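The values are calculated or read from the model by the stated rules, or taken from the named source; none is laboratory data. In this text, all values refer to a predicted model and were calculated from it rather than measured experimentally. Because the Cβ atoms are built from the backbone with ideal geometry, glycine has one as well, and the counts that use them run over all protein chains shown.
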Amino acid sequence: MEVIYAGTTRLECRQGDIADQPDIDAIVNAANSQLLSGSGVAGAIHDAAGTGLAEECREFAPIATGEAVITSGHNLPNSHVIHCLGPVYGRDEPADTLLGDCYRHALHLADRHRLRSIAFPAISTGMFSYPPEAAARHALKAVIAACGELHHIELIRFVLFSESDLRIYEELFDAYRGSC
Ligand code: AR6
């Protein structure tokens with residue numbers, strides 16, 4: 001795990017399962033537009049949350065690319081889930097802006113709900129085929145830019161499924177630390 005600070009906000013990257021972050025208020029779902037269960041992150045979150053999550057999601061669907069909506073966490077250890085629809089790489093343009101929108105909107109939504117901590121998966125880098133290095137760069141840029149606008153969020157965690165994805169974040173964290 002590595003840590004950097006953007007102002008007073010702590011940013012962490014670690015390897016793990018987004019559905020197993022019990023110390024975090026809101027976990028972020030890499031959702032589909034219909035907010036249904038699926039493979040990857042969406043499957044893990046819906047499996048752990050139980051059917052109540054899918055029921056609550058029904059009233060918010062469909063969502064647009066770059067949008068974020070918030071539900072409760074149901075059987076998850078987290079009070080809330082924030083569902084973001086990332087861009088499909090090569091189809092939804094401009095991909096970098098739309099990906100950044102997901103992170104920015106999720107952070108502002110969590111902050112408006114007075115939540116203190118949030119965990120993100122690497123949105124769009126699985127089924128949606130966004131190259132992981134570019135996705136990580138845009139994600140971190142959007143998050144660091146948003147930190148100055150947040151009032152309640154103290155901890156932002158990036159949860160990476162694979163060791164190679166963790167390495168990408170570790171290198172970006174090192175570069176950011178070196179630039180401060
Ligand atoms: N915890 C953390 N990261 C994970 C987990 C997990 N449990 N499982 C996979 N990843 P994806 P997308 C990583 O496909 O690209 C779904 O079917 C994975 O290795 O979940 O935004 C939805 O229903 C990858 O790096 O999300 C949508 O249709 C990253 O999380 C579509 O896929 C994102 O992979 C969304 O595609």
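State whether one or more residues within the stretch 85-100 are in contact with an Asp or Glu (Cβ under 8 Å, 6 or more places away or on another chain) and away from the ligand (no atom under 15 Å from the Cβ). No: zero hits. Looking only at the stretch 104-127, residues that are within 11 Å of the chain's Cα centre (by Cα), over 13 Å from Ala42 (Cβ atoms) and near the ligand (Cβ under 6 Å from one of its atoms) come to 1 in all. Out of everything in the stretch 80-103 that is among the small types (Gly, Ala, Ser) and more than 15 Å from the chain's Cα centre (by Cα), what residue ends up being surrounded by the most Cβ atoms within 10 Å (Cβ to Cβ)? Of everything passing the filter in the stretch 80-103, Ala95 is surrounded by the most Cβ atoms within 10 Å (Cβ to Cβ). Among the residues making up the stretch 57-69, those that are surrounded by fewer than 17 Cβ atoms within 10 Å (Cβ to Cβ) and farther than 18 Å from Phe128 by Cα are Arg58, Glu59, Phe60, Ala61. Enumerate the pairs (first residue in the stretch 1-18 and closer than 13 Å to Ile118 by Cβ; second residue anywhere and in a loop (DSSP other than H, G, I, E, B) and modelled with pLDDT under 95) with beta-carbon separation below 7 Å, excluding pairs fewer than 6 apart on the same chain, so at least 6 apart or on different chains. As it stands, the answer is Glu12/Met1, since those pairs meet every condition given.
With the structure loaded, tell me whether Phe161 is among the aromatic types (Phe, Trp, Tyr), surrounded by fewer than 22 Cβ atoms within 10 Å (Cβ to Cβ) and within 21 Å of Ala42 (Cα to Cα) or whether it fails that test. For Phe161, the condition - among the aromatic types (Phe, Trp, Tyr), surrounded by fewer than 22 Cβ atoms within 10 Å (Cβ to Cβ) and within 21 Å of Ala42 (Cα to Cα) - is met.
For the stretch 34-82, name all the residues that are among the charged types (D, E, K, R) and either more than 14 Å from the ligand (Cβ to nearest atom) or closer than 18 Å to Leu109 by Cβ (or both). Give the derivation first.
Just the residues of the stretch 34-82 that are among the charged types (D, E, K, R), to begin with: 47, 55-56, 58-59, 67.
Selection gives Glu55, Glu56, Arg58, Glu59, Glu67.
In the stretch 128-139, the count of residues that are closer than 17 Å to Met1 by Cα, within 16 Å of the ligand (Cβ to nearest atom), of a type in the set (A, V, I, L, M, F, W, C) and touching a strand residue (DSSP E or B) at 6+ places or on another chain (Cβ under 9 Å) is one or more. What about Arg104, is it farther than 18 Å from Leu160 by Cβ and among the charged types (D, E, K, R)? Taking the combined requirement at face value, the residue satisfies it. In this structure, Tyr169 does not satisfy being within 16 Å of the ligand (Cβ to nearest atom), under 24 Å from Gln34 (Cα atoms) and not acidic (Asp, Glu).
Scanning the stretch 10-33 for residues that are near the ligand (Cβ under 9 Å from one of its atoms), closer than 18 Å to Gly73 by Cα, surrounded by fewer than 16 Cβ atoms within 10 Å (Cβ to Cβ) and more than 13 Å from the chain's Cα centre (by Cα) gives a single hit, Asp20.
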